[in-house]
1. For B:3-9, what's the mean count of beta carbons from other chains sitting within 10 Å of each residue's beta carbon?
2. Describe numerically, in nm with one decimal, the distance between label points set 7 Å from Cα along Cα→Cβ at A:L40 and at B:D57.
3. I want the local charge near A:R87. Using Cβ-Cβ distances under 14 Å, sum +1 for each Lys or Arg and -1 for each Asp or Glu among the other residues.
4. Let me have the 222 nm mean residue ellipticity of chain B computed from DSSP H runs of 4+ only, each contributing -39500 (n - 2.57), with the sum over all residues rounded to the nearest 500.
5. Near the amide H of B:A111, under 5 Å away, which other amide H atoms are found, from residues 5 or more places off or on another chain, if H is placed in the peptide plane?
6. With a sphere of radius 10 Å drawn around the Cβ of B:E104, what net charge do the other residues whose Cβ falls strictly inside it have (Lys, Arg +1; Asp, Glu -1)?
7. Under the convention of a label 7 Å out along Cα→Cβ, give the distances in nm from B:R76 to the same position in every other copy, shortest first.
8. By how many nm would the segment from A:C3 to A:E70 grow when fully extended, if each residue of separation counts as 0.36 nm and the alpha-carbon distance is taken off?
2 protein chains.
Amino acid sequence: MPCPFASTPAPPYYAVIFAAQRRAGADAGYAQTAARMAQLATAQPGYLGVVSSRDADGFGITVSYWRDAESIRAWREQIEHARARARGRECWYTHYQLRVARVERAYDWAAAAPPEDLP
Amino acid sequence: MPCPFASTPAPPYYAVIFAAQRRAGADAGYAQTAARMAQLATAQPGYLGVVSSRDADGFGITVSYWRDAESIRAWREQIEHARARARGRECWYTHYQLRVARVERAYDWAAAAPPEDLP
């Protein structure tokens, strides 16, 4: 399993919070497009990372992190991304919420690794 | 199924983005505490709403919305909440990331309801 966390620099930077309800049974092309968008985002100037989770009822949250508001604007205008969003409204989602926010503080915590190399 | 979306006012307001990996099989008391924290948060001054999703691998994202940074500080210092966080580090999580961000822009979109009352 790949690490699901984002390695972000010290604040300030920006977050795009995307919460969405998938339509029941509407999977045609979704996974392929989601993977393609993840790949494209990584190559965008100012992209810092992403975290994503979707529950068994099809409600998902994706938070992508960006250097600044200009990076977010450029990603929104990326033509393949704009087409994917239109397809999302037509086919994949019943409802979504988007929030653009400036990250001011950040904390990471991890449990101490078990001492596997002790006798 | 209750509506999973948050009804937030016009920006600006604040978001607390909590991304966490649950430990495998570590469920003792978790659901009860999570429900209690949701109930307590709702009663806090400045609380605006929450969205939450957890995937089948135990990776979850919760975004809670608050009127201002002072509301977030007061919630962090709420004693029962502080104890629950300590319990989370001891028992429930292997890793988490917390981001505090000022929401600057917000969009909501919903598919048009199907015309169920047409012949």
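1. Mean partner-chain Cβ count within 10 Å for B:3-9: 4.
2. Going by the 7 Å Cα→Cβ label model, 2.4 nm.
3. Numbers: positive: A:R22, A:R23, A:R36, A:R83, A:R85, A:R89; negative: A:D27, A:E80, A:E90.
Overall, the nearby charge balance is +3.
4. Calculated mean residue ellipticity at 222 nm is -8000 deg cm²/dmol.
5. It is A:H95, by chain and number.
6. Values: positive: A:R99, A:R102, B:R102, B:R105; negative: none.
Combined, the nearby Lys, Arg, Asp and Glu give +4.
7. List, nearest first: 2.9 nm.
8. 21.4 nm
Read the figures in this text as sums done on the coordinates, not as results from a lab. Owing to the predicted nature of the structure, the values given are computational and were not obtained by experimental measurement. Neighbour counts run over all protein chains shown; Cβ positions are idealised from the backbone, glycine included.
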